[in-house]
Amino acid sequence: MFRYAKEEDADQILPILFQIFDEMELDVFKEVGDEKMGQVIKEGFFQPGYRYGLDNILVNETDGKVVAIMVGYPEELEDNIDAPLVKIMHKYGIKEKNLFGDKEAWPGEWYLDSFAVAPAYQGKGIGTKTLEHFIDVIRDRGEKILSLNVDVTNEPAKHVYDKAGFKKVGQLYIGSHLYDHMQYDLTK
């Protein structure tokens, strides 16, 4: 079942989301530690308007388990989308000004910030089905362009996005990693 995340999903969402953070190799996670950052991110789930707030997370649930997550928002929200987390980080003594300093979306896009499948469910077609359903949801909202970034070394993910109809339109760095910026034309 595809639905918006609920408060009781937080403990299932966090480890799925951490797969992405681990791949990104963010310095703050190395400095502070995963346990403390997990507390910070989890507290952020309950903040309206935050990048990883429950209002921005869609889940695919199977047999009562969250098996995939998708996090996204319109590009015009990106400049302030992490403000709620900065307050939480400061509360925990983390002096970072932002978790992500790089611009990830382009003007006019609806940005798929994060997409991950729980390890036990990978390789079973759940990611593809979740992505297809997600595209329909965003199209039904009247959005025109859906975008995402995929690490240039992540061939399995790039294959899924290519197969779904995403097209590479550029590249950018997020942190120290180079990403392909891909778009999906929702008007077709």
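The values are calculated or read from the model by the stated rules, or taken from the named source; none is laboratory data. As the structure is a prediction and not an experimental result, all values here were calculated from the model. Positions of Cβ are generated from backbone atoms using ideal geometry, with glycine treated the same way; all protein chains shown enter the neighbour counts. Each accessible area value is taken on the protein alone, full model and side chains, heavy atoms only, with ligands, DNA and RNA left out. Shrake-Rupley method; radii C 1.70, N 1.55, O 1.52, S 1.80 Å.
Summary table below
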quantity: Residue count for the stretch 30-82, restricted to those that are within 16 Å of the chain's Cα centre (by Cα), more than 26 Å from Ile94 (Cα to Cα) and of a type in the set (S, T, N, Q); calculated: 1
quantity: Neighbours by Cβ (under 8 Å, 6+ apart or cross-chain): first from the stretch 6-31, touching a residue at least 12 places away in the same chain (Cβ under 8 Å) and of a type in the set (S, T, N, Q); second surrounded by fewer than 16 Cβ atoms within 10 Å (Cβ to Cβ) and part of a helix (DSSP H, G or I); calculated: Gln19/Pro119
quantity: Hits in the stretch 90-114 - residues which are open to solvent by less than 30 Å² (accessible area, probe 1.4 Å), more than 16 Å from the chain's Cα centre (by Cα) and under 19 Å from Val169 (Cα atoms); calculated: none
quantity: Residue check, Glu43 surrounded by 17 or more Cβ atoms within 10 Å (Cβ to Cβ) and touching a helix residue (DSSP H, G or I) at 6+ places or on another chain (Cβ under 7 Å); calculated: yes
quantity: Qualifying position, being farther than 19 Å from Trp106 by Cα, open to solvent by 10 Å² or more (accessible area, probe 1.4 Å) and touching a residue at least 40 places away in the same chain (Cβ under 8 Å), among Leu85, Leu54; calculated: Leu54
quantity: Any hit, the stretch 2-16, residues being within 12 Å of the chain's Cα centre (by Cα) and open to solvent by less than 20 Å² (accessible area, probe 1.4 Å); calculated: yes
quantity: Odd one out for Asn98, checked against (1) modelled with pLDDT of 95 or more; (2) closer than 25 Å to Asp55 by Cβ; (3) polar (S, T, N, Q); calculated: (1)
